[in-house]
1. Would you mind finding the one in L70, L82 that is aliphatic (A, V, I, L, M) and free of Cβ contacts under 8 Å to residues at least 12 places away in the same chain?
2. Go through the stretch 1-28 and count every residue that is without any contact (Cβ under 8 Å) to a residue 24 or more places away in the chain and part of a loop (DSSP other than H, G, I, E, B).
3. List the pairs whose first member sits in the stretch 186-214 and is closer than 30 Å to Q13 by Cα and in contact (Cβ under 8 Å) with a residue 24 or more places away in the chain, whose second member is part of a loop (DSSP other than H, G, I, E, B) and of a type in the set (D, E), and whose Cβ atoms are under 7 Å apart, counting only residues at least 6 apart or on separate chains?
4. Give E32, E46 a once-over and let me know the one that is touching a Pro at 6+ places or on another chain (Cβ under 9 Å), over 30 Å from D156 (Cβ atoms) and at pLDDT 95 or above.
5. For the stretch 111-119, check the following and say yes or no: at least one residue is in a strand (DSSP E or B), touching a Cys at 6+ places or on another chain (Cβ under 8 Å) and either at pLDDT 95 or above or within 21 Å of A74 (Cα to Cα) (or both).
6. Can you name the strands (runs of 3 or more DSSP E) wholly within the stretch 145-250 that have at least 1 residues being among the polar types (S, T, N, Q) and surrounded by 14 or more Cβ atoms within 10 Å (Cβ to Cβ)?
7. Mind checking which residues of the stretch 34-50 are touching a residue at least 24 places away in the same chain (Cβ under 8 Å) and either in contact with a helix residue (DSSP H, G or I) (Cβ under 6 Å, 6 or more places away or on another chain) or not in a helix (DSSP H, G or I) (or both)?
8. Can you name the residue in the stretch 77-103 that is part of a helix (DSSP H, G or I) and among the small types (G, A, S) and is also surrounded by the most Cβ atoms within 10 Å (Cβ to Cβ) among such residues?
Amino acid sequence: MTELGSFRAGSYQFIPGVFQYSAGVKPDDGFEIVRVRFRRPLALSEGFSAAADHLRSVNRGVQAFCACELRSPAPFTEQGFLDFNKEYVGWLDRWGLTKDGINPVARTNVCPEVDPPKTVSLYAFCYTRPTSSKDGGGFVVAGSGEAPEGKASYRDFAIRPGDQSTEGMLEKCRFVLGEMERRMSALGAGWADATGAHVYTAYELQALMKREIAPRGAAANGLSWHFARPPVQGLDYEMDVRGVSAEVVI
C-alpha cells in the first residue's frame, strides 16, 4: 500500500512522485478541494500571480495550492522536459511548497494540437479550503502517459512506442487506466468518486471508449477528450482524474 506524504501547511496529503510533481493529492479531514480554471491560459509568471491573487481573495495562502494543469506549445524532448521542470519547480520553491526535493503538488501538462499557447501556460489549478460538509474531501490524480515515471527516459520505457494502431493504443490505454486506478486507490477513491475524467490524445478514441474506458467505469460521469498530446515526444495517450467539491472559472 502506498504511504502518503503530508503537506500540513496546505492541509493535504499526497502520493510521493518525481521531483516535478506528486502523483496525486487529497485534502486533510475538515477540508475540501476546489478547482479554478482561467478563461484563457496564462503564461506561467502571469498565471502564478493570478493564482496567488485568487487565493488571497478567498482567504487562503499559496500553501493551499495543491494541483495545477499546464498547457505547452509542443511536446518536449527528454532534455527539454527536464530543463522545463527545473524552471517550473522554481515557482513552487518560491512559494515554499517544496522541501528537500519533495514536491507535494500534483500536475497535468499537455500540448493542444490546435491553437497551442506560445509559451507554457497555467490552464487551471486546485486548492484546499475548510469545509463543514460531510460530503467534502475529494482528490486530484496527476496526469500520466503510457510510460512509467521516474525512469532514465520516457521513450525507452514507453508502451509500444510509435504504434498508433488500435491494438497499440488499447495497450497504452490499459496501462494508463491501471495507473489512474492505482493512484485513486492510494487516495481512498475510485471512478465512482470522480467529478471529472479526462483523456489527452490526438488519436481515435471510440474503440478505447468501447473496449476499455467505459467498461471499467471511467466514463460513468462522462469523459472529457482534450485534443492534445502528452508533454514528451514519443508519447501518445494521457489521462487524469479528479473529484472536487466546486469548480469556478475566472
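1. So the residue among L70, L82 that is aliphatic (A, V, I, L, M) and free of Cβ contacts under 8 Å to residues at least 12 places away in the same chain is L82.
2. 1
3. T201/D236
4. Working: E46 fails: touching a Pro at 6+ places or on another chain (Cβ under 9 Å).
When all the criteria are applied, what remains is E32.
5. Looking only at the stretch 111-119, we keep the residues that are in a strand (DSSP E or B), and these are 111-112.
Now drop any that are not touching a Cys at 6+ places or on another chain (Cβ under 8 Å), which leaves none.
Within the stretch 111-119 (the criterion being in a strand (DSSP E or B), touching a Cys at 6+ places or on another chain (Cβ under 8 Å) and either at pLDDT 95 or above or within 21 Å of A74 (Cα to Cα) (or both)), the answer is no, since none of the residues qualifies.
6. Details: elements: 196-201, 224-229, 237-243, 246-249.
Because the criterion is at least 1 residues that are among the polar types (S, T, N, Q) and surrounded by 14 or more Cβ atoms within 10 Å (Cβ to Cβ), the strands (runs of 3 or more DSSP E) in the stretch 145-250 that meet it are 196-201.
7. V34, R35, V36, R37, F38, R39, P41, L42, A43, F48, listed by residue number.
8. Initially, the stretch 77-103 is screened for residues part of a helix (DSSP H, G or I), giving 78-94.
From what is left, the residues that are among the small types (G, A, S) are 80, 90.
On the way: G80: 15, G90: 11.
So the residue we want is G80.
The values are calculated or read from the model by the stated rules, or taken from the named source; none is laboratory data. Quick caveat: nothing in here was measured; it's all calculated off a predicted structure. Neighbour counts run over all protein chains shown; Cβ positions are idealised from the backbone, glycine included.
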